[in-house]
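Have a look at the structure below, then the notes.
Each reported figure results from applying straightforward, stated rules to the coordinates on display, with no laboratory input. Bear in mind the structure is a predicted one, so any value in this text is a computation, not a measurement. Neighbour counts are summed over all protein chains in view; Cβ atoms, including those assigned to glycine, are modelled from backbone coordinates with ideal geometry.
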Amino acid sequence: DDETINQLKKILEDQYWNLLEDDLKKIPIDTDFIVKLLTEIKETIYLILLKRIDMLVDLEKKINTEELKEDFDTHYFLNGLTYLLELLRQLQSPEYDELTDGYLKQLRRHMIEGNELYNFVPKTLKYILNGFYVVLIEKQQALQKYTEWVKKNGNK
């Protein structure tokens, strides 16, 4: 039934993020999963921004997954998360601004206090990933509505 399926989905999703937390607890940390997540986030952003070459160039400078794969720099990574949250805030619906601001504030606090990555990175990455998916869905819905409007009113 639907309830059982939803419970299974929740368990799988929790396990997904728990694996990331486990990777961050290792010494040295295992960064493969983080880089894959960042790549997925970047691919989603590319779909959202398509022709905004200026913003995509900036994205590549701030989140260079090839560089992170070769030599993972925690400071560069955390600055990249800050950038992603700021970009998300620019692109998302205003109704989410307060929530995103809260994540930005928490991220900066964790950075200042020097907290272990596993304490905050999984939750932050999950929010960023889901946030950009919401932006992509909203963009597709808006384009669809616009296309329908043009078909209906375009010849007037």
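Observations
- DSSP-loop GluC sites (Glu not before Pro) across the stretch 71-128, with at most 13 other Cβ within 10 angstrom: Glu116
- R0 of 35 Å, Cβ-Cβ distance Gln141-Asn119: FRET efficiency to nearest 0.05: 0.50
- In the chain, the DSSP-assigned H stretches of four residues or longer account for a calculated mean residue ellipticity at 222 nm of -27500 deg cm²/dmol, using -39500 (n - 2.57) per stretch and the full residue count as denominator.
- Cα gyration tensor, the stretch 55-131 - rounded (a/c under 1.5), prolate or oblate: oblate
- Applying the Karplus relation 6.51 cos²θ - 1.76 cosθ + 1.60 with θ = phi - 60° to the stretch 39-51 yields 3J(HN,Hα) values of 5, 4, 4, 4, 4, 5, 5, 4, 5, 6, 8, 5, 9 Hz, where x marks Gly and Pro.
- For the chain, the fraction of alpha-carbon pairs lying more than 25 Å apart is 39 percent, rounded to a whole number.
- At R0 = 22 Å, FRET efficiency that the Cβ-Cβ distance of Leu19 and Lys69 yields, to 0.05: 0.75
- Applied to the stretch 52-58, the Karplus parametrisation 6.51 cos²θ - 1.76 cosθ + 1.60 on θ = phi - 60° returns per-residue 3J(HN,Hα) values of 8, 4, 4, 6, 5, 5, 4 Hz, with x for Gly and Pro.
- Most fluctuating residue given options Asn79, Asn115, Asn64, as computed from a GNM of the chain linking Cα atoms under 10 Å: Asn115
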